[in-house]
1. Would you tell me the mean number of C-beta atoms belonging to other protein chains that fall within 10 Å of each C-beta in C:129-136, as a whole number?
2. Provide the percentage of antiparallel DSSP beta bridges, counting only those with both residues in chain C; round to the nearest 5.
3. Please compute the average number of Cβ atoms from other chains found within 10 Å of each residue's Cβ in peptide B:218-225.
4. On average, how many beta carbons from a partner chain sit within 10 Å of the beta carbon of a residue in B:16-27?
5. Please report how far the C-alpha centroid of the stretch A:5-44 lies from that of the stretch C:195-259, rounded to the nearest whole angstrom.
6. Check which residues have an amide H placed less than 5 Å from C:Leu69's amide H, if you skip close sequence neighbours.
7. Going by Cα centres, the stretch C:147-188 and the stretch C:37-84 are how many Å apart?
8. Would you mind telling me the antiparallel percentage of the DSSP bridges in the protein assembly as shown, rounded to 5?
Amino acid sequence: MVTIPFIWIMGDLLWNGWDQLSFSFVFSAPQNAGREGGIGPILISTLLIVGVCMGTAVPMGLGTALFLSEYTRHDHVLGRLIRGSLDVLAGVPSIVFGLFGNALFCQILGLGFSILSGGLTLACMVLPILIRTVEESFHAISQEQRLSAAALGLSKTTTIRRILLPAALPGLLVGIILGLGRAVAETAALIFTSGYVARMPESLMDSGRSLAVHIYDLAMNVAGGNPHAYATALVLVGLVFIINVSSSWIASRWTSCNRLSA
Amino acid sequence: MISFSSNTLSRSRGDFLLLGSVRLLALTAGGLLFLVVAFLFHESWPALQNIGLSRFFSDPDWYPTENSYQLTSMVWGSLLATTGAVLFASPFGILSALFCHFYAPPLLARWYRRMVELLAGIPSVVFGFWGLMVLVPIIGRWHPPGPSLISGILILTLMIMPTIMLVSHASLAHVPIALIHTSSALGFSRWSMIWHVILPTTRMGLFTGILLGLARALGETMAVLMVCGNVVQTPSHLFDPVRTLTANIALEMAYALGDHRAALFMSGLFLMGVVALVVSTAEALRHRNTYVSAK
Amino acid sequence: MDIMQPTFRINPEPGKPAGLRPWVPYPSDELCCEPVTHIRAKNLSIAYQDHQALRNVTLEINRGCITALVGPSGCGKTSFLMSLNRLTDLIPGCQVSGNLHMNELDILAPTTDLLQLRRAVGMIFQKPTVFPFSIRKNLELPLREHGTHHRTVLHSAMENVLQQVGLWHEVKDRLDHPAQALSGGQQQRLCLARALVLSPDLLLLDEPCSALDPLSSGIVEDLIVSLRGHVTIMIVTHNLAQARRIADHIAFFWSFEGSGTLVEYGPAQAIFENPIHELTGAYISGTRG
């Protein structure tokens, strides 16, 4: 039942997008509002936005996950409060993050429509998933490891850096990749934060258009933009698939390794 | 659970440094929700003050430029599209989870699951685009104009079905194997085992899946924006074009100023409230579920 | 090097880094225990939130002795062990009260340096707990943490302890292989080596053999015996035959109304042949517990 629309969507994208797709399409600049030319600058903007997003979200997510799993008890009030608020945050619609990002980053912090505000908005959005995954991978480390590290007189910092972090690394990677997938696919949160400009971005303060926004713009606002919208959609879906497959690959390798060692 | 925080005696300065920074980061992350709510509230305050809550429902229509701010028809749009999608997607999602877990041979089940995961990962804008290019013309040929409530419902169904299926599948996987063996030993047929044993025990998990799907459908913007037609009206039947709250924000935010902008933030705040309620219900149910099964 | 020699050790050998104390096999016919009190517990009680796990334990343990803690499950033996290196701090809601001294050091004092205490008190758990990296790193990490960084020192300390636990010939060609690839018995010996590399004064063993097959169990047991006289050893075991084989002293615990306490403590021979308390006799002869 799910198979039919899945194959239909993929088939449709491939059928209509494959012809358009070429090396020059991926790397050249769009012309005539995207009807001609390629998606080079848009790809770069997307990468920059996602880069800003992960660069902010990963340290924050890692720190929070560490705090939740290593420094608070499971039933601790503060931990429960933070977890609860993150759960709600995970469900907040992306358009609402867009509003928030527009108000905070674009206007109050004065960053304007820029790659930086877009990336920071996305960071807020992917943070809950990231924290959840990383925290779970910390919880998966057996308690005996912590006890035996403590029994050897290892300091907390050493225990975390030498023993817990390496063991949680695959989980961290899966979390990062999941967040990456969500960030790449996001449109609604970016329209009013990173903006529409399809030029090659010169700095992080420039407005930049992401792939997803490009598809939306071509499909809705540009007459005759459909062929290129198909091709862009194909690129985007391809990216997302690569991201998803690699995350499940890492996850499955990780569990099989764990089983081996157990 | 081990807590190292009671170990305040360690002389290692690195430990204190780490604890401090980690605590700061965690508080920031935890405060993010508060920050989001605060900003939405702050930005929508002018609307509450100048327009007032009641006028969002009593004004004749949504003409922000003419100082008329009625949200009712868009609330209806959001609600109908979401309800429709949940009604369609829940049985399909749960049935395909059951199929995957109990009927399909392992290899097929694995591939099926992998495919559903990929489907869940397709960007919403791609769903919207596909709907615009394929679904809308088909519906348009059948019953003009095409962009309508029904196309929104169908696209949302496609989008939330994977969510429902994956969550249900996970909760089915948690059914104790002993329960299945016992009911097989009692000579139950597979279907009556599912109906009388599996479904009642996983009730909460399935419901959580539906709620999460609901939250996703309610918050979805791009796909409905692209296929629903975006006419501000309370739909009288399935083939009428509608505009949802989310689509409204996405469409008008770019040029909205003053009270208009505040009104959009106001609707965002409202959306967030509803979604937060749904999500926290789902989480509470899930926790209760795991608690019961842990016992 | 200063860090390596905590002030509270009775017989530090100045100038010798950890893991480099000369290893002289102890002559087996000599009297094992120096009559010097090493550990002194007085009215020690341990409570988890509202549950009293251990009540009023008072005993003195001699330096270099092997003391076996025996008794049924859930009578506070493991909690007692964990209070000796303050691992009880890591268990939420765990309260330890009473007096606990190692030599002159007040273990329970809030000012005690936990990292140094735990360096001087090694602990082995029921399941082998090697860290998920190479054998070499497993042994080097604790040494580096306690201030030994010199490569040759690290290497000779590692060789020394691996010889000591009889692993050297088995693993010398694969020191950089993951420790998890070792067999269960080898892993447990590696854990023992990892504890010994810090030259502990006191070694706590929490059922070290119960997760091992009989062969590896025998090897580990022999190892423990070979440490007699060099390290004070406290071992929790459910295997009475093992306790009889290796222990100099037996501490017999029993749980009354859910909270454990020390019933009888004395030389192993006396406890096994002539127990004073009727519960001890019943447990040893297998009619109770």
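Read-outs throughout are calculated quantities, based only on the coordinates presented, and are distinct from any laboratory measurement. From a predicted model like this one, the values you see are computed outputs, not experimental measurements. Here the Cβ is made from the backbone with ideal geometry for all residues, glycine too, and neighbour counts use every protein chain on show.
1. On the way: counts 10, 3, 10, 8, 4, 0, 0, 0.
Whole-number average of other-chain Cβ neighbours for C:129-136 is 4.
2. Bridges in chain C are about 60 percent antiparallel.
3. Averaged over the peptide's residues, the number is 6.
4. 6
5. Centre-to-centre (Cα) distance: 69 Å.
6. Placed amide hydrogens put C:Ile235, C:Val236, C:Thr237, C:Ala251 under 5 Å from C:Leu69.
7. Measuring centre to centre over Cα atoms gives 32 Å.
8. Values: 31 of 51 bridges.
Antiparallel bridges: around 60 percent, rounded to the nearest 5.
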